[in-house]
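So the structure is just underneath, and the comments pick up after that.
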Amino acid sequence: MSRRGAAIILSRSRSVVASSSSSRRPVHRFLLNMIPRRDCVNRSCCSSSSQDELIGLVDHDGRDSLRAKPVSPEDFAFLRADAHLERILELGKVSDDAVSIADAINANPTEFGDDTHKFLSRFRKRLDSTLVIDVLRGLRSPELAIRFFTWAGQQIGYVHSGPVYHALIERLGFGKNNRIPEHLFNEIRDDDREVLGKLFNILVRKFCQNGWWNEALEELGRLKDFGYRPSRTTYSALIQVFLRAERLDSAFLVYREMSDSGFELDGFTLGCFAQSLCKAGRWDEALNIIEKEDFTPDAVIYTKMINGLLEGSFFNEAMSFLHRMRSSSCVPNLFTYETLLSGFLRSKQLSRCKKILYTMMAEGMHPSISLFNGLIHAFCSSGDYSFAYNLLDKMRTSRSKPGYVSYNILIGGICGKEDIPSSEMLELAEKAYEEMLKCGFVLNKINVGHFARCLCSMGKYNKAFDVIKQLMNNGFVPDTSTYSKVIELLCQSHMIEKALRLFDEMKRNGAVPDVYVYTILIDSFCKVGLLQQALHLFNGMKSVGCSPNVVTYTTLIHASLKARRVSEANELFEGMISAGCKPNVVTYTALIDGFCKAGEVDKACHIYARMRGDASDEDVNKYFEGNAMDDEEPNVFTYGALVDGLCKAHKVVEARHLLEAMSVVNCEPNHIVYDALIDGFCKVGQLDEARDVFIKMSENGCSPSVYTYSSLIDRLFKDQRLDLALKVVAKMLENSCPPNVVTYTEMIDGLCKMGKIKEAYKLLLLMEEKGCNPSVVTYTAMIDGFGKVGKIKTCFELFGQMIAKGVAPNFVTYRILINHCCAAGLLDDAHRLLEEMKQTYWPTEITGYRNVIQGFSRDFMKSLGFVEDISEYSLVTSVPIGLAYSILIDSFCKAGRLEVALELHKEVMTSYSAASASATENMLSSLVEGLCLAGEIEKAFELYSDAVKRGHIPELTVFVYLIKGLLKVKKWEEALQLSHSVCHMDVHWHIKLEAFDGG
């Protein structure tokens, strides 16, 4: 399945796209999706044979109480095969010194004698932790790493740092399921016993830091077997890893041994221990430990214990500990109260939040601004807007003065919901709005839109305008700009009708729309495919004397080319030149992108060549007449547009040459260029080239995104290289790039095509478990997979599930279900689905049709017959709807239910006369064949005659069926006459009657 549309090419800074008369930012934007980093830790159990007093702490039942991370490579283990595969990606750059040292040592792996020491002596003065770490990572064997580590530690002026020890541990084979061989430790002990002791302690702590407490205990046992003593820090690390794993009994055993060894808990570990015990409801034991450690509880310890009680939902006990604090002469501080407030706020116990607020304020303390804002948000969410407003009053009398965020939370809470607030609540929002103006604050863009929407929805149009006017009177923004911001927001929210209403209101109130406002509206019309309306608005702005700027023209030219209205785009360009509006690099980039989308990639290449000053082409010279290109060199977006267009046209070699051309002119490629190239190579099956681009991308500091990995995953699944695909998934997770709905959908679709339906369904359940909601494309792929193996009942079950989960089926979903129902002979079910689809999801224009099929790959849509249908219609034509009817009619004909088939044909011909030529031909052919087989020759000829009247020239098969029908009823003369007529018809196909059986 396709993962995303082409990136928006017309993104640019305001200095480039703004006209000389306007410094506003451009309409076109380039949006980057930031992927939050997530740590993905894989855990499995491991037994231990510890012989000291900690025996019994290691699980043998395979369970680990640490919380599971969102996604890890092992989640996909059920897809993995046993074959060994080479690594895809290589990482890392090191210094020349590190490479030289590593090469010299690796060249003589059996010797580390005088020659090696002599060579290493050159680097003594440059020896530091970074160099040692790089060398350790470059050595071929752990033995060589130990020898170099030992040599480095003996050099004067250098001391091993913590990171060096960690690097050595990694080089020795540190891992959850790998134990470092003992002979390596023996080799270190022979050289330096003290170093080995420190290494063991760091190794135990490293396991603890990773949360691998089983392995930490095993290494603790080896530490003792070698005759070393755990340090206080090591014991503390063990206690803390057990606390994080919520294994309090194990933490107690470690604490007992630590205490017997003469070590005391540090304050931080003691606080963590007490907090964990309180969280488990064992606060008495926490108090006993504090007493045993001879530690006088202070506000910090009490606050941690209260926090633990709140985390464990022991709310009454948390309040009792607040009283215990006071009774022991320990005064609660601000952090104590804020901890209580945060805990009750998380559990939505707003009544207790009120009590804590009153108490702390009575003692002269006030929450922080962020906590105040959180409380305002919580009370707004609960519908208690009055108390939320009272909190603003409390803030005004405290050190935490209400600010921009506070007012926006309150007004956004009241007006930001889909439902319109009551008149009382709206008055409260208006009151807060007046107060924020006095304080010098303004609403953000979203809340301006919400506030204006609420005012207008309640008929307060004048009030809405007064709000905007008040903003202008306070000098915050010019009047037209204020309107522009609201109109822009409404357009971004696809509320074009409301934006137009506000636009009319703006003109009625004397605010003159500028080129920016017009351009916003024109751009919005273009984005939803309403090009005719955009042109009407364009003519309107010129009629009132508002001159379009380069952004206005560029937007319309780009939209016209995307709609394949090339002549109209040329007229706009000529008008732009005539108006003295000089095209800029964004205009030419739009031309390149538009011609690529219009299927004229060669013309796009000629424009690029002309921009570079290369050989010109007469067909594109008109775009450059009288326009010097000294300051209009192609930029990264220009290259991105052309690379993307070439890749989509499968001209990946030419696209790769463009990447090289960018380096020549010092134009640094961005991730759009790299992603397009990787996706292009993957689409044509050239994985090695895609890998080379991927490596170049990483080397140039451009981090791969989820879309980059998705291109590789999609190709690998299509090639059925499952284990290699899982390697990419693992690398993706390693780089904190969790799969998104597109990635999961690609894998599910690939598995379905491989016939692995069970695995695909498991993956669907996995993505839901990981919090990634399947899209309509995901469900459709899964339904198609079940349908292809004949599991129609499961298809309907999944269809019901997606509706129950709020995922609306679209045109493609219905089409696939209808197809599979017909294949299974469930014609009544297919007919019912058609009726349901018509009532709910039938687009009325081709633009809606295109939106419905967005997200599906071209190959997939081609297999359903959609691509050919769409190509026959312009943007103003009704959608091709005959395909679904054609399938049903054919199925009913084959089942001998001609009456239903004829009714469907009548319906599609009268209600949806714009059915595609291919669908019309298929319907006619199926009906004529069915009628002729049933002996209803006259009805068959009526259909044929009606098709001719409509201007349709039937295909050869229709005449063959008619001739066969005449022969069946023994009308020999008529059959011969029709055959003779067919031979003399001037049609668009080659007549070969002998190719048809019985012709």
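Yes or no, residue by residue, for (1) closer than 22 Å to A274 by Cα; (2) of a type in the set (D, E, K, R); (3) in contact with a Ser or Thr (Cβ under 9 Å, 6 or more places away or on another chain):
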{"position": "D225", "(1), (2), (3)": "no, yes, no"}
{"position": "Y228", "(1), (2), (3)": "no, no, no"}
{"position": "S236", "(1), (2), (3)": "yes, no, yes"}
{"position": "E246", "(1), (2), (3)": "yes, yes, yes"}
{"position": "S261", "(1), (2), (3)": "yes, no, no"}
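Considering the range 389-458, the qualifying helices (runs of 4 or more DSSP H), each wholly inside and each with 1 or more residues that are surrounded by 22 or more Cβ atoms within 10 Å (Cβ to Cβ), of a type outside the set (G, A, S) and modelled with pLDDT under 85, run over 445-457.
For the range 100-126, filtering for residues that are among the basic types (K, R) and under 46 Å from the mean Cα position of the chain (by Cα) leaves 1.
How many residues does the range 964-982 hold that are closer than 12 Å to G935 by Cα, in a helix (DSSP H, G or I) and either at pLDDT 80 or above or open to solvent by less than 90 Å² (accessible area, probe 1.4 Å) (or both)? Going through the range 964-982 one residue at a time, the tally reaches 4.
The set of residues from the range 277-314 being in a helix (DSSP H, G or I) and open to solvent by 30 Å² or more (accessible area, probe 1.4 Å) comprises K279, W283, D284, E285, L287, N288, E291, K292, V300, K304, N307, E311.
One line per residue, one yes/no per condition, for (1) part of a helix (DSSP H, G or I); (2) touching a residue at least 60 places away in the same chain (Cβ under 8 Å); (3) closer than 18 Å to S705 by Cβ; (4) touching a helix residue (DSSP H, G or I) at 6+ places or on another chain (Cβ under 7 Å):
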| position | (1), (2), (3), (4) |
| --- | --- |
| C752 | yes, no, no, yes |
| G755 | no, no, no, no |
| K758 | yes, no, no, no |
| C772 | no, no, yes, yes |
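Screening F573 against (1) farther than 30 Å from A464 by Cα; (2) open to solvent by 30 Å² or more (accessible area, probe 1.4 Å); (3) touching a Pro at 6+ places or on another chain (Cβ under 8 Å) leaves a single unmet condition, (2). The single condition among (1) open to solvent by less than 20 Å² (accessible area, probe 1.4 Å); (2) modelled with pLDDT under 80; (3) not small (G, A, S) that V164 does not satisfy is (2).
For the range 255-276, filtering for residues that are outside any loop (DSSP other than H, G, I, E, B), within 12 Å of Y235 (Cβ to Cβ) and open to solvent by 40 Å² or more (accessible area, probe 1.4 Å) leaves 2. With respect to the conditions (1) over 19 Å from G645 (Cβ atoms); (2) modelled with pLDDT of 85 or more, T589 lacks only one, and its number is (1). Would it be correct to say that K206 is without any contact (Cβ under 8 Å) to a residue 40 or more places away in the chain and under 17 Å from L168 (Cβ atoms)? No, not satisfied. Would a scan of the range 104-120 turn up a residue that is at negative phi, among the small types (G, A, S), in contact (Cβ under 8 Å) with a residue 24 or more places away in the chain and in contact with a Phe, Trp or Tyr (Cβ under 9 Å, 6 or more places away or on another chain)? No, the conditions are met nowhere in the range 104-120.
Listed conditions (1) basic (K, R); (2) buried (at least 18 other Cβ atoms within 10 Å of the Cβ); (3) under 23 Å from the mean Cα position of the chain (by Cα) are all met by R815, apart from (3). Within the range 138-157, the residues that satisfy the criterion of being surrounded by 15 or more Cβ atoms within 10 Å (Cβ to Cβ) and β-branched (V, I, T) are I146, T150. All told, G312 meets the bar of being under 39 Å from the mean Cα position of the chain (by Cα) and either touching a residue at least 24 places away in the same chain (Cβ under 8 Å) or more than 19 Å from F372 (Cα to Cα) (or both). Of note, G594 satisfies the criterion of being assigned to a helix (DSSP H, G or I) and surrounded by 18 or more Cβ atoms within 10 Å (Cβ to Cβ). Condition check: charged (D, E, K, R), at pLDDT 85 or above, assigned to a helix (DSSP H, G or I) and over 19 Å from G771 (Cα atoms). Does D723 satisfy that? No. Annotation: L798 fulfils all but one of (1) part of a helix (DSSP H, G or I); (2) under 27 Å from Q686 (Cβ atoms); the unmet one is (2).
Considering only residues of the range 229-254 that are at negative phi, of a type outside the set (S, T, Y) and assigned to a loop (DSSP other than H, G, I, E, B), which is nearest to the chain's Cα centre (by Cα)? Only one residue tops the list, namely A245.
One residue stands out in the range 576-591 among those that are buried (at least 22 other Cβ atoms within 10 Å of the Cβ) and of a type in the set (V, I, T): the one that is farthest from V550 (Cα to Cα), namely T589. Scanning the range 334-374 for residues that are under 18 Å from R396 (Cβ atoms) and either under 31 Å from the mean Cα position of the chain (by Cα) or free of Cβ contacts under 8 Å to residues at least 24 places away in the same chain (or both) yields a total of 7. Is it the case that some residue within the range 207-216 is outside any helix (DSSP H, G or I), more than 19 Å from S141 (Cβ to Cβ) and open to solvent by less than 20 Å² (accessible area, probe 1.4 Å)? Checked the range 207-216: at least one residue is outside any helix (DSSP H, G or I), more than 19 Å from S141 (Cβ to Cβ) and open to solvent by less than 20 Å² (accessible area, probe 1.4 Å). Within the range 539-552, being within 14 Å of L521 (Cα to Cα), assigned to a helix (DSSP H, G or I) and open to solvent by 10 Å² or more (accessible area, probe 1.4 Å) holds for N539, G540, V551.
The values are calculated or read from the model by the stated rules, or taken from the named source; none is laboratory data. Only a predicted model underlies this, so the values are computations on that prediction, with no experimental measurement involved. Reconstructed Cβ throughout: ideal geometry from the backbone, glycine too, with neighbour counts over all protein chains shown. The protein model used for the area step is the full one, side chains on, heavy atoms only, and it has no ligands, DNA or RNA in it. Shrake-Rupley method; radii C 1.70, N 1.55, O 1.52, S 1.80 Å.
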